[in-house]
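A.B. asks: Below you will find the structure I want to go over with you.
Please treat every number below as a calculation from the coordinates, not as lab data. Computed from a predicted structure; not experimentally measured. Neighbour counts run over all protein chains shown; Cβ positions are idealised from the backbone, glycine included.
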Amino acid sequence: MVEIPSGSAGAIPSAEVEDVELYHPKSWWTKYVFSQDAKIIAVQYSLTAIAIGLVALVLSWLMRLQLAFPGYFAFIDADHYYQFITMHGMIMVIYLLTALFLGGFGNYLIPLMVGARDMVFPYANMLSYWIYLLAVLILAAGFFAPGGPTGAGWTLYPPQAVLSGTPGGKDWGILLMLSSLIVFIIGFTMGGLNYVVTVLQGRARGMTLMRMPLTVWGIFTATVMALLAFPALFVACVMMLFDRLLGTSFFMPAIVEMGEQLQHGGGSPILFQHLFWFFGHPEVYIVALPAFGIVSDLISTHARKNIFGYRMMVWAIVVIGALSFIVWAHHMYVSGMNPAFGFFFATTTLIIAVPTAIKVYNWVLTLWRGDIHLTLPMLFALAFIVTFVNGGLTGLFLGNVVVDVPLSDTMFVVAHFHMVMGVAPILVIFGAICHWYPKVTGRMLNETLGQIHFWTTFLGTYAIFFPMHYLGLLGVPRRYFEMGETAFVPPSAHTLNIFITVMALIVGAAQMVFLFNLVWSLFRGREAGGNPWRATTLEWQTPQTPPAHGNWGKELPVVYRWAYDYSVPGAAEDFIPQTAPADGGITREVPA
Amino acid sequence: MAQTIGTHGEPDLRPAGLRGVAADFASDQRAFKTASWGKAMMWIFLLSDTFVFGCFLIAYMTARMSTPVAWPNPSEVFALHIGGQDVPLILIAIMTFVLISSSGTMAMAVNFGYRQERHRTAMLMLLTALLGAGFVGMQAFEWTKLITEGVRPWENPWGAAQFGSTFFMITGFHGTHVTIGVIFLLIVARKVWRGDFDQERRGFFTSRRGRYEGVEIMGLYWHFVDLVWVFIFAFFYLW
Ligand code: HEM
Ligand SMILES: [Cu+2]
């Protein structure tokens, strides 16, 4: 496949849409708080997501402490453990990762990278953030409500989620969780529509879809998926809310609770599982695709090489996005279904591995003989590849019905999904923050603190989650508050548990170093200048750093080439910005 | 809403058919050359909303097919007692007729909007809103009738409890869509009447210029709500 890198195609078409008139803030409040500027909204989204993410981190310590030292902490009883698990899982997946990738990076990068002044509808975009904040507050209110947050597990499976045996099932917990999700989805939709339309309809002159950086492709595809997958969660939440509040029986079969026959009957718990996973599996890729996109750009920029197989990368993103809608029931192998379905869903699941593997190969081939700079973003990108491949391989195990059935609900699954959708995307988030921090703040992050944070996080998370595979193979179950006397678990497993917990605490401490670095560098960091990484994409070519309201000054940028002109032979520099006119200082003929 | 300033000066060389689509997607700036931002956004929102209604209806079908108790007979449940005899589905026939007619008046409003006949446009939008409100009113009547007959979300006198649950949930969700539509119809009609779109007056929050295209975007939403009703009608009343 031949890449046609630059816009040698001749004249750039004239503008099809008049330049927009943005809302101009009239006071401090409309400038920094109720701001309609995507860049401010991005920062608001990110800070909120990180704040609630810290709560999830603390919860993971508490769970780990309990697993390593059962009985030592009087305040962690079984109920609390389930509440911690549930809130940890839900916060991490939705309120941290989804919000940070789409609301945070999406808002900051999409307008800048496609050469727009802002999102297409800044007002709706602003509402999106405030509704998200409301969702977070409702969620956090669970901790203070009578009965505490829900302990149903992040999958919220009925009927147990709304029964009295589950913490929060008959109190406020589950109600707050479901309402918070509904509110989140409404807020996300407002933002998501903006991201999609900005990419489709708001690009700069010369910016074709196939010249967009992969970051934008990843976020764009993930947003489209989210707009189609969240409806299933929305419907499931509404229906469960009715089951709990109005006494309907959508998901409730005839059931006896605490010796008492309930009024419910005739509903289908499996229906909930289908709705949940029709959302839940795409959700994995909603988190993964932006990570894929960002990592491609980090690797290309910091290895000073064009991304290998750009078109293939784009199509892989799109194909993964499409396929991920027809694999959901691989989460339900043990729920009971027609064996033919098991076969179907195992097959589709394994097929997804093909485009995913293509991406991994292309990352590696991009690195191959590149001029690799081991900057912080590059380190995180490399760590991502290693972690993601690990998690992806165990995914192949779990995708097969016969292998999954014995491993289902063991620590093996916990290890798998933490590797693939927990740690791997988080590493990309760190890499991305290190990469774009200079653009957002105008200053570089401190390198020493960054290195300390990187190595502890990377090696530490491996030390946490790698041994968990082994625990899972031994048969240690997932979501167990304590093991008690169990014949099949050897004492060494317990030692391992202590080790994992110690590592988890260390990794947690390392995150404080990172937060400190963010604050410290804001005031003391080295001045970054406009383009410290000597990168090609549009966000590095803004007239001001940090970019001003409206991003581009008087004239909108015009794009002449794709995003990956690094180390072009014959060019004066080892990068050619996307805005550089056709020959961009190349003295040599470019093979077309 | 940002607008097209016509297609650009160069002669339009875009090929027809699928090739044209491919050419548009391969081009810069916009993938849908004739759609403004607002219109594109509404289309994508409707796609997402389709999934919401789709999930609701699939859930309903699952419930109906898997419940162990018999499902109430729609032609008896939804009959009205008029002139001494039961007329099946009469109310729902009228409701459907009213809603479909409102799509007609909406389409006319869009047409007059583009001819900048603001009073006619506004009147037709008002008429649409009125028909929509009539629909919601009749729906309220139907709910009241069913409730007095003992239908509740958790039980009903005739069979599977899921009948009431799904009925209230799905028609309620659709009715909410219609109500929201009526409110926005009134807002947009007021703007049209005042001539906001002729003067391209700026939005209060958004500081974007208002244009007649807003009427068309409103229309997209309205037709969608109608279309969804056709499915609800078929699945609840005719099945
Ligand atoms: C150092 C970081 C982390 C630690 C130490 C940690 C630890 C844990 C622990 C101990 C559990 C409960 C396992 C069990 O008993 O079944 C758990 C569950 C979970 N974690 Fe994490 N976690 C971390 C980061 C993350 C991240 C970044 C994500 C984002 C996807 C995540 C998502 C989840 C989910 C979805 C569950 C399942 C909850 C459930 O079973 O309902 N975790 N984690
Ligand atoms: Cu999955």
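A.B. asks: Could you give me the radius of gyration and the Dmax of the stretch A:350-414, taking only the C-alpha atoms into account and expressing both in angstrom?
C.D. replies: For the stretch A:350-414, the Cα-based Rg and Dmax read 15.1, 45 Å.
A.B. asks: Would you calculate the convex hull of the Cα atoms in the stretch B:80-194 and tell me its volume per residue in Å³? If you can, show how the numbers build up before the last one.
C.D. replies: Details: hull volume 12.1 nm³, N = 115.
Value for the stretch B:80-194: 105 Å³ per residue.
A.B. asks: Can you tell me the mean projection area, over all orientations, of the convex hull of the stretch A:298-457's alpha carbons? Units nm², please. Mind dumping the intermediate values first?
C.D. replies: Details: hull surface 42.6 nm².
Over all viewing directions, the stretch A:298-457 projects a mean Cα-hull area of 10.7 nm².
A.B. asks: Using only the Cα atoms, work out Rg/Rh for chain A, with Rh taken as the Kirkwood radius, to two decimals.
C.D. replies: 0.98
A.B. asks: Mean residue ellipticity at 222 nm from the helices of chain A, using -39,500 (n - 2.57) per DSSP H segment of n ≥ 4 over the full residue count, to the nearest 500 deg cm²/dmol? Numbers along the way, then the final one.
C.D. replies: On the way: 15 runs with 328 residues, N = 592.
Roughly -19500 deg cm²/dmol at 222 nm, from the helical runs in chain A.
A.B. asks: Something else: Quick check on the stretch A:67-137: take the gyration tensor over C-alpha atoms, sort the square-rooted eigenvalues as a ≥ b ≥ c, and tell me if it's rounded (a/c under 1.5), prolate or oblate. Walk me through the numbers before you get to the answer.
C.D. replies: Numbers: a/c = 5.96, a/b = 2.95, b/c = 2.02.
The shape class here is prolate.
A.B. asks: Quick one: Debye curve from the C-alpha atoms of the stretch B:43-133, no solvent, what's log10 I(q)/I(0) at q = 0.14, 0.17, 0.24 Å⁻¹?
C.D. replies: With one equal scatterer per Cα and no solvent, log10 I(q)/I(0) is -0.83, -0.97, -1.09.
A.B. asks: Along the principal axes of its C-alpha atoms, what lengths does the stretch A:56-101 span, in descending order and rounded to whole Å?
C.D. replies: Cα extents, longest axis first: 38, 16, 12 Å.
A.B. asks: Note the angle between two axes, namely the Cα long axis of helix A:447-474 and the longest principal axis of the Cα atoms of chain A, as a number of degrees from 0 to 90, rounded to the nearest 10.
C.D. replies: For helix A:447-474, the angle is close to 40 degrees.
A.B. asks: Within the stretch A:285-377, list the trypsin sites (Lys or Arg not before Pro) lying in a DSSP loop whose Cβ has at most 12 other Cβ atoms in a 10 Å radius.
C.D. replies: A:369
A.B. asks: Search the structure for amide H atoms under 5 Å from the amide H of residue A:565, placed 1.01 Å from N in the peptide plane, and list their residues when 5 or more places away or on another chain.
C.D. replies: It is A:576, by chain and number.
A.B. asks: Taking a ≥ b ≥ c as the square roots of the eigenvalues of the Cα gyration tensor of the stretch A:130-243, is the shape rounded (a/c under 1.5), prolate (a/b larger than b/c) or oblate?
C.D. replies: prolate
A.B. asks: Using the Kyte-Doolittle scale, find the helices of chain B whose mean hydropathy is at least 0.5 and whose Cα atoms extend 18 Å or more along the helix's long axis, counting only whole DSSP H runs.
C.D. replies: Numbers: long enough: B:37-66 (43 Å, 1.08); B:90-114 (37 Å, 1.65); B:118-148 (44 Å, 0.71); B:162-194 (48 Å, 0.95); B:213-233 (30 Å, 1.24).
Span-like helices here: B:37-66, B:90-114, B:118-148, B:162-194, B:213-233.
A.B. asks: Tell me, what ³J(HN,Hα) does each residue in the stretch A:415-425 have, in order and in whole Hz, if you take phi through Karplus 6.51 cos²θ - 1.76 cosθ + 1.60 with θ = phi - 60° and put x for Gly and Pro?
C.D. replies: 3J(HN,Hα) across the stretch A:415-425, in whole Hz: 4, 4, 6, 5, 4, 7, 10, x, 5, 4, x.
A.B. asks: Could you work out the percent of alpha carbon pairs in the stretch B:155-239 separated by over 15 Å, rounded to a whole number? The partial results should precede the final answer.
C.D. replies: Values: 2412 of 3570 pairs.
Counting every Cα pair in the stretch B:155-239, those more than 15 Å apart make up 68 percent.
A.B. asks: Also, I was wondering about something else. Using a Debye calculation, one point per C-alpha and no hydration shell, please list log10 I(q)/I(0) for the stretch A:33-207 at q = 0.09, 0.10, 0.16, 0.19 Å⁻¹ in order.
C.D. replies: -0.37, -0.44, -0.88, -1.09
A.B. asks: So if R0 is 35 Å, what FRET efficiency would residue B:69 and residue A:337 give, r being the distance between their Cβ atoms, rounded to the nearest 0.05?
C.D. replies: Calculated value: 0.90.
A.B. asks: Please work out the Cα convex hull volume for chain B and give it in Å³ per residue.
C.D. replies: 165 Å³
A.B. asks: Shape verdict for the stretch A:196-336, please, from the Cα gyration tensor: rounded (a/c under 1.5), prolate (a/b greater than b/c) or oblate.
C.D. replies: Prolate, since a/c reaches 1.5 and a/b exceeds b/c.
A.B. asks: Shifting gears a bit: If you bin the C-alpha pair distances of the stretch A:446-503 every 10 Å from 0, what whole percents do you get?
C.D. replies: Per 10 Å bin, starting at 0, the Cα pair percentages come out as 20, 44, 20, 12, 3, 0.
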